[in-house]
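Structure first, commentary second.
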Amino acid sequence: MKVLVTGGTSYLGQHMVPYFAEAGQEVVYTWRSTQLDLGSDAIQLDIRNEKAVEQTILAVKPAAVIHLAASNRSENEALMTSSIIEGATNITNCCKRNGIRLIHMSTDVVFNGTDAPYAELDKKNPVHAYGQSKSAAEEIVLAHANSVVIRPSLIYGLRIKDRSTEWIESALQKSQPVTLFTDQIRNPVWVDTLSSACLELLDHEFNGLIHIVGNQTLSRAVFGVRMLDFWNIQVGDTLRFAPTPENLNWPPDLRMDTQLAKETLKTPLLGVDEVLRLFNKKA
């Protein structure tokens with residue numbers, strides 16, 4: 001099957017593109033500002049450009065589009081919002097017109113974290129701009145009948161440091177203070193879990209919302225320590241553990257109900273400790 005992956009050089013994309021290729025898929029990926037050689041054909045694309053999106057999809061002629069582009073890493077909130085909403089609009093409209101299956105990567109922060117665990121159809125109530133933009137994008141994508149919206153949690157891998165661990169390491173090396181929050185509860189998800197689930201969903205009959213997260217619940221503090229230990233990062237004396245400051249409007253408890261994913265897919269939703277044991281066993 002021919003697959004177009006937007007945001008192929010994102011953290012998840014760097015894992016998913018080669019994963020798909022190794023599974024025998026014909027993969028083409030897009031990038032906007034960061035160009036990386038992932039062993040498949042690549043196209044530069046700004047997903048906010050409707051005409052460019054149309055031209056790219058018509059030229060590639062994919063059977064499915066995996067939409068990973070647009071993240072919360074931009075310091076410009078307006079750029080982040082436009083990339084998420086305009087990008088989802090342009091890609092969804094083109095997929096609808098051309099009968100192309102669309103798999104869209106959303107986030108757990110479409111919820112406010114006060115009524116966990118969350119099932120797919122629970123009421124959304126995002127508390128910040130990223131969550132609000134992703135929530136709006138979900139509605140846009142779901143207007144396309146042949147689409148899937150995946151909600152992951154904290155995404156990590158064991159081949160490339162995840163963005164959070166990378167930042168923590170850099171700060172600790174400079175003896176800068178780093179606080180890991182003890183009261184933010186999540187279900188971290190391995191990049192291979194998401195890649196496997198997307199591979200399954202390429203030609204699956206399922207459409208709609210689905211939660212793809214790890215089956216282990218951890219605080220961000222405990223998860224952070226797991227990653228620091230795995231990467232053998234020296235902690236020093238500037239690392240702190242504390243509850244989230246009141247001035248930070250972040251969801252506290254985002255435990256996700258995964259019953260639907262377990263009933264629908266064969267992909268195991270491995271927890272962090274299971275993934276680490278699997279890695280150590282292979283090593």
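Assuming a strict under-20 Å limit between Cα atoms, what lysine pair count do you get for the chain once near-sequence pairs (fewer than 8 apart, same chain) are dropped?
Lysine pairs meeting both conditions in the chain amount to 11.
What net charge do the residues around residue 58 carry, taking every other residue with its C-beta under 12 Å from that of residue 58, with Lys and Arg at +1 and Asp and Glu at -1?
Values: positive: 51, 61, 97; negative: 54.
Net local charge, residue 58 excluded: +2.
Go through segment 39-44 residue by residue and turn each phi into a ³J(HN,Hα) via Karplus (6.51, -1.76, 1.60, θ = phi - 60°); whole Hz please, and just put x for glycine and proline.
x, 10, 5, 10, 9, 6
In whole Hz, what ³J(HN,Hα) sequence does segment 237-243 give by Karplus (6.51, -1.76, 1.60; θ = phi - 60°), x for Gly and Pro?
10, 9, 8, 10, 10, 6, x
Quick check: net charge around residue 252, other residues with Cβ under 14 Å of its Cβ, Lys/Arg +1 and Asp/Glu -1? Show your work: numbers first, answer last.
On the way: positive: 186, 220, 255; negative: 108, 115, 183, 246, 253.
Surrounding charge for residue 252 is -2.
Using the C-alpha gyration tensor of segment 75-144, what are the square roots of 5 times its eigenvalues, in whole angstrom, with the largest one first?
In descending order the semi-axes read 23, 17, 7 Å.
For residue 43, list long-range residues whose amide hydrogen, built 1.01 Å from N in the peptide plane, is under 5 Å from its own amide hydrogen.
HN-HN under 5 Å from residue 43: 29, 30, 31.
Could you give me D for the chain, from Stokes-Einstein at 10 °C and 1.306 mPa s, where the hydrodynamic radius is the Kirkwood radius over C-alpha pairs? Units µm² s⁻¹, please.
The calculation lands on 82 µm²/s.
Between residue 225 and residue 244, how many nm apart are label points set 7 Å from Cα along the C-beta direction?
With each label placed 7 Å out from Cα toward Cβ, I get 2.0 nm.
Which far-off residues, 5 or more places away or on another chain, put their amide H under 5 Å from the one on residue 101, with H placed in the peptide plane?
It is 65, by chain and number.
Read phi for every residue in segment 8-24 and hand back ³J(HN,Hα) as whole Hz from Karplus 6.51 cos²θ - 1.76 cosθ + 1.60, θ = phi - 60°, with x for Gly and Pro.
With the stated coefficients, segment 8-24 comes to x, 9, 5, 4, 5, x, 4, 8, 6, 4, x, 4, 5, 4, 5, 8, x Hz.
Taking a probe of 1.4 angstrom, what is the accessible area of residue 115 in Å², to the nearest 10?
So the heavy atoms of residue 115 present about 110 Å² to solvent.
Would you mind telling me the share, in percent, of accessible area of the chain contributed by carbon and sulfur at probe 1.4 angstrom?
Details: 6220 of 13110 Å².
Ligands and nucleic acids excluded, carbon and sulfur give 47 percent.
Residue 262 to residue 182: FRET efficiency via 1/(1 + (r/R0)^6), r the Cβ-Cβ distance, R0 25 Å, to the nearest 0.05?
E(calc), rounded to 0.05, equals 0.30.
The values are calculated or read from the model by the stated rules, or taken from the named source; none is laboratory data. Everything numeric here is computed off the predicted structure, so don't read it as measured data. Positions of Cβ are generated from backbone atoms using ideal geometry, with glycine treated the same way; all protein chains shown enter the neighbour counts. These area figures cover heavy atoms from the full protein model, side chains too; ligands, DNA and RNA do not enter into them. Shrake-Rupley method; radii C 1.70, N 1.55, O 1.52, S 1.80 Å.
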